[in-house]
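Scroll down for the structure; my scribbles are underneath it.
The values are calculated or read from the model by the stated rules, or taken from the named source; none is laboratory data. Everything quoted here is computed from the prediction, not taken from an experiment. Heads up, the Cβs are rebuilt from the backbone with ideal geometry, glycines too, and the neighbour counts pull from every protein chain shown. Remember, those area values only see protein heavy atoms, side chains included, never the ligands or the DNA or RNA. Shrake-Rupley method; radii C 1.70, N 1.55, O 1.52, S 1.80 Å.
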Amino acid sequence: LELKQIRRDMEKQRALILSSLRNFMRTQSEDIPQQEEIITIRGERFVVPIRVTRKNRVQGVVHGASSSGQTVYMEPLEAIDLNNELVRLKEEEQREIHRILAEMTVRLREQAAELTETAARIGVLEVGFACGHFALDYDCVIPAVGSPSGPMRLALKNARHPLLEAMLRRKAPPRGAVVPLSVALEGENRVLVISGPNTGGKTVALKTVGLLALMAMSGLPVPAAEAEFPLFDRILADIGDYQSIEESLSTFSAHLLNISSMMELATGD
């Protein structure tokens, strides 16, 4: 209520200032008919434009000049006290806002535990809704995940890389379409070798399987017609070319170094 009253007083004070300055401009216009009647603000104080040739005939404070230098912005003598009162009300408004915010902060701090729990639950709901929207937008399925004691099986039917599909959607027509990927590894088949010409989609195939596996392990739906994954304890990847002249590391030796470290970390899962 206090803040509301202060702001009402500020509006009344602005009206008084504008009325006073309009009267001032009318008296100036009698001597200078071409004077442009504009009331503006400089340094949080209401001012009026006065031609440089007339500024010595007006009592007041100059608060700047126009870019052309032909006009100065003056606070007439009769508006100084009115502007001072408005400045005082603005300071009072800021003090009241600070008091309200401080009081709200104290009250919120008393509910910190409840607010933290609420934020966490809202986050869970937000992730759920985001997964739902993603699943609908990209025609996803909920992947099946095998049990640790069950048979190892990785099977994808018409799987698509979501980032590749998003990129193609952003392109102007005629847009390309993602070529879906189907792959299956089950039973004793634990290794898949992909070969083919350059730009044949080998890397995309590897990244699609790897990314969808990570999505499944993260509880996300995957863009595929069908999807099943074993329960991986970790996913290791060596993608791209890494070279270092300083370390005498060629592309081939860099891959060997990565694969060596991966072999040390790899388990049966």
Extension gain, residue 80 back to residue 188 (0.36 nm per residue minus Cα-Cα distance, nm): 29.8 nm
Give me the extension gain from residue 177 to residue 105: residue separation times 0.36 nm, minus the current Cα-Cα distance, reported in nm with one decimal. 20.6 nm
Tell me, what % of the accessible area of the chain is carbon and sulfur with a 1.4 angstrom probe? 57
Sum of side-chain charges, residue 158 neighbourhood, beta-carbon under 10 Å (Lys, Arg +1; Asp, Glu -1): 0
Farthest toward the dipole's positive end in the chain, which of 102, 224, 120, given Cβ charges of +1 (Lys, Arg) and -1 (Asp, Glu) about the Cα centre? 102
Answer in debye to the nearest 20: the dipole magnitude of the chain about its Cα centre, from +1 Lys/Arg and -1 Asp/Glu charges placed on Cβ, is 1060
DSSP beta bridges in the chain, what fraction antiparallel, as a percent rounded to 5? 90
For residue 202, go through the lysines and keep the ones whose alpha-carbon is under 25 Å away, minus same-chain ones fewer than eight residues off. 157, 171
Select from the chain the helices, each a whole stretch of DSSP H, whose alpha-carbon atoms run 30 Å or more along the helix axis and whose Kyte-Doolittle mean is at least 0.0; answer none if there are none. 112-137
Take each of the peptides 13-25, 130-142, 72-84, 91-103, average the number of other beta-carbon atoms within 10 Å over its residues, and list them starting from the highest. 72-84, 13-25, 130-142, 91-103
Where Lys and Arg each count +1 and Asp and Glu each count -1, what net charge lies around residue 14 among other residues with Cβ under 12 Å from its Cβ? +1
Computed over the Cα atoms of the chain, what is the ratio Rg over Rh, Rh following Kirkwood? 1.34
Among all the lysines, which ones have a C-alpha under 23 Å from residue 4's C-alpha, if same-chain residues fewer than 8 places away are not counted? 12, 90
